[in-house]
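Remarks on the structure that follows.
Derivation of every value follows stated rules applied to the coordinates shown; laboratory data play no part. None of the values given here were measured: they were computed from a predicted structure. We place every Cβ from the backbone using ideal geometry, glycine too, and count neighbours over all the protein chains shown.
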Amino acid sequence: MSKTPAKPAAAPKAVSAKTGGKPEPVKSVAPAPTHSFADRFGPVRAPARAHPEPMEPVKTPVKSDPKLANAWKTKAGRDLTEDELLAMPESEYMNDKQLEFFRARLQGQKDDLLSNAGETTEHLREDTTIVPDPADRATIEEEHALELRTRDRERKLLKKISQALALLDTGEYGYCDETGEPIGLPRLLARPTATLSLEAQQRRELKQKMFGD
């Protein structure tokens, strides 16, 4: 004999205290009206494209001054300014005017170093008097040591200047010892004794850091 499946028990109706314990009638809730995104917030618009701010202001190329660019044609090389030298065309790299300019600059540095060396010798000779006060004597000795270290650096620079002047005589001045490429006027103006291009100098310094001298 088959059994009829029992019907599931109805859920108990909510009892409210307001109706004296009787079941509270279930109120029908009307479905909430549906509104689209456009009804609530208006039509969707594509965002305006913002022009990105450049990381650095773009520099407008400055037109070269014809007078500045042609000054080397009428002036002696030793009388040229750095701006006039830089305004010269690349095809004139290490021409007679540029060689004369750097020869005068190197010779001027050499004369200054030799003059400073003579003043140092004279100064050390004058300070040979024995000072009784230990504190004063220590101060004088420290000044002498500092001055001698400065003169030692200048002595090494004087050697490089002499080598650069020799390169001017052979026509090899201004070109990299490793690559043979032009060192460039900006680097030579900053360091007239340079014998390596900036790239070659950076490679050499990197090797020295990795492998030592």
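Spatial offset of segment 146-212 relative to segment 73-90 amounts to 22 Å, using the alpha carbon center of each. Listed from fewest to most Cβ neighbours within 10 Å, the set THR150, THR193 follows the order THR150, THR193. Using 0.36 nm per residue and subtracting the Cα-Cα separation, the extra length available between GLN163 and ASN70 on full extension is 30.4 nm.
Here the simple spin-label model places points 7 Å from the Cα toward Cβ, and for ILE140 and ASP83 these points are separated by 5.0 nm. Between GLN107, ILE140, ALA117, the Cα set farthest toward the positive side of the dipole of segment 66-211 (charges on each charged residue's Cβ, about the Cα centre) is that of GLN107. Arranged from fewest to most other beta-carbon atoms within 10 Å of their beta carbon, TYR175, TYR93 become TYR93, TYR175.
Modelled spin labels at THR179 and LEU148, positioned 7 Å past Cα toward Cβ, are 4.2 nm from each other. Taking N as the residue count of segment 66-211, its C-alpha radius of gyration divided by 2.2 N^0.38 Å amounts to 1.40. Put in line by how crowded their Cβ is, counting other Cβ atoms within 10 Å and starting with the fewest, SER197, SER91 read SER91, SER197. Placing pseudo-labels 7 Å out from each Cα toward the beta carbon at GLU92 and ARG191 gives an inter-label distance of 2.7 nm. For segment 66-211, the number of Lys pairs with C-alpha atoms closer than 17 Å, counting only pairs eight or more positions apart or on separate chains, is 7.
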